[in-house]
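Worksheet for the structure shown next.
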Amino acid sequence: MNESQALPLQSNLPNLDVSGLKSIYRQMVLIRRVEELAAKAYTQRKILGFCHLYIGQESVAVGAAAATSDDYWITAYREHGQAMAKGVSARAMMAELFGKRTGSSKGQGGSMHIYDKESKFMGGYGIVGAHVPLATGIAWAAKQRKEGRVCVCFFGDGAANQGAFFEALCLAQLYKLPVVFICENNFYAMGTPLHRQSAVTDMSLRALGVGMAREQFEGFDAEVVRDRVGAAAEFARSGQGPVLLEIITYRHRGHSMSDPAKYRPDGELDEKKKSDPLAITKERLTQDFNVSEEEIQAIHDSVEVEAQDAWDFAESSEIPDPANLYDFTYAPDGS
């Protein structure tokens, strides 16, 4: 019988200095502010279709990006924050949400289909769990090309019950592919709480069925996420096989903009906000690194300027030309 392997207790990443931690804090603040503006734009019908916000989960994406900046990422539809953490600019993000040609997917993807080749962000996908096999394929390609890169695959707790998820894990473990599967467990699959959708509530245990290395941990502290994702990436990159991480997190908003989230028990949101990722990192900066409130405010001020610039850029950009609708459906002839 195969036994799953344990990850190293610590990654080999260097400790963050004050500059590195301030950068992580700023990125989380920027993601939240852009998402808040996206919510405003949605109510004004500047953003159409579905819109799934990442507010509350910023530490997962930003912490993971600090450990896997040059690796491939692939994810599902709650991907705004992940894309920005990986390198998509606030301008390109907001323009895509507005459906403008200056967006990261030329205005043809919208909220659920952000893509950016340059930053190796391989896309958000709208079918629950269906992108997980694509992560296995990307990891296969990276291994065959001897790139030394891993594929980081994000999905929710609901996707961990989907059939293609299990098939992807089986093949990834069989071929010892360099992939880190990250289940962002925010406790709800749309409006269904975890205990009502799965008899197993530790989603990392899914790895045991294929003998895969796994770990579960709370992801409200971006530094913790950075270290544990770093350890997983080092493990997978070394040829020891894929890793399944379950990162406990919590979304502060509903499943999508159309969800009032009335299914939450009274007081749950307020209790979870005590573990707000921004507050945790801010406290670390002020208490352990003696960063002043004036410096913190300067970060917020610069974020406000960048976020508003992104809004203005998106609003002033042109819509896509309908003549280009099929330009990215097939590869050009001869390529």
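A short reminder: the numbers here are calculations on the coordinates, not readings from a lab. All values reported here derive from a predicted model rather than from experimental measurement. Cβ sites come from the backbone with ideal geometry, for glycine too, and all protein chains shown count toward neighbours.
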Discussion item. Contact order normalised by length for the stretch 14-167, with contacts defined as Cα pairs under 8 Å and 6 or more residues apart; what percent is it?
Written reply: 21
Item to complete: State the antiparallel share, in %, of DSSP beta bridges confined to the chain, rounding to the nearest 5.
Response: 10
Worksheet item: Based on the alpha-carbon gyration tensor of the chain and its eigenvalue square roots a ≥ b ≥ c, which shape applies: rounded if a/c is under 1.5, prolate if not and a/b is larger than b/c, or oblate?
Response: rounded
Response to the item:
Per its Cα gyration tensor (rounded if a/c is under 1.5, else prolate when a/b beats b/c, else oblate), the stretch 202-335 is best filed as oblate
Discussion item. Strictly over 20 Å apart at the Cα level, which of 22/120; 86/146; 86/117; 120/146; 40/272; 40/100 would you flag in this model?
Written reply: 22/120; 86/146; 40/272
Item to complete: May I ask you to list the lysines whose Cα is less than 17 Å away from that of residue 274, ignoring any residue fewer than eight positions away on the same chain?
Response: 282
Fill in: Pairwise centroid distance, computed over Cα atoms, of the stretch 267-335 with the stretch 128-168, Å
25
Item to complete: Can you tell me the FRET efficiency between residue 263 and residue 69 if r is taken as the Cβ-Cβ distance and R0 is 35 Å, rounded to the nearest 0.05?
Response: 0.45
Worksheet item: Can you run phi through the Karplus equation (6.51, -1.76, 1.60; θ = phi - 60°) for the stretch 167-180 and list ³J(HN,Hα) in whole Hz, with x for Gly and Pro?
Response: 4, 5, 5, 4, 5, 4, 6, 4, 9, 6, 7, x, 9, 10
Item to complete: Rank the residues 252, 52 as a footprinting-exposure proxy: fewest other Cβ atoms within 10 Å of their Cβ go first.
Response: 252, 52
Worksheet item: Taking other Cβ within 10 Å of each residue's Cβ, how do 256, 69 sort, fewest first?
Response: 69, 256
Worksheet item: 222 nm [θ] for the chain, helices only, -39500 (n - 2.57) per DSSP H run of 4+, per residue, to 500?
Response: -12500 deg cm²/dmol
Practice prompt. Could you list 292, 89 in order of exposure, starting from the residue whose Cβ has the fewest other Cβ atoms within 10 Å?
Written response: 292, 89
Discussion item. Can you tell me how the stretch 199-266 classifies by the Cα gyration tensor, rounded, prolate or oblate, using a/c under 1.5 as the rounded cut?
Written reply: prolate
Item to complete: Subtract the Cα-Cα distance of residue 287 and residue 167 from 0.36 nm times their separation in residues, and report this length gain in nm to one decimal.
Response: 38.6 nm
Discussion item. Which trypsin sites (Lys or Arg not before Pro) in the stretch 85-123 sit in a loop by DSSP (not H, G, I, E or B) and have at most 10 other Cβ atoms within 10 Å of their own Cβ?
Written reply: 117
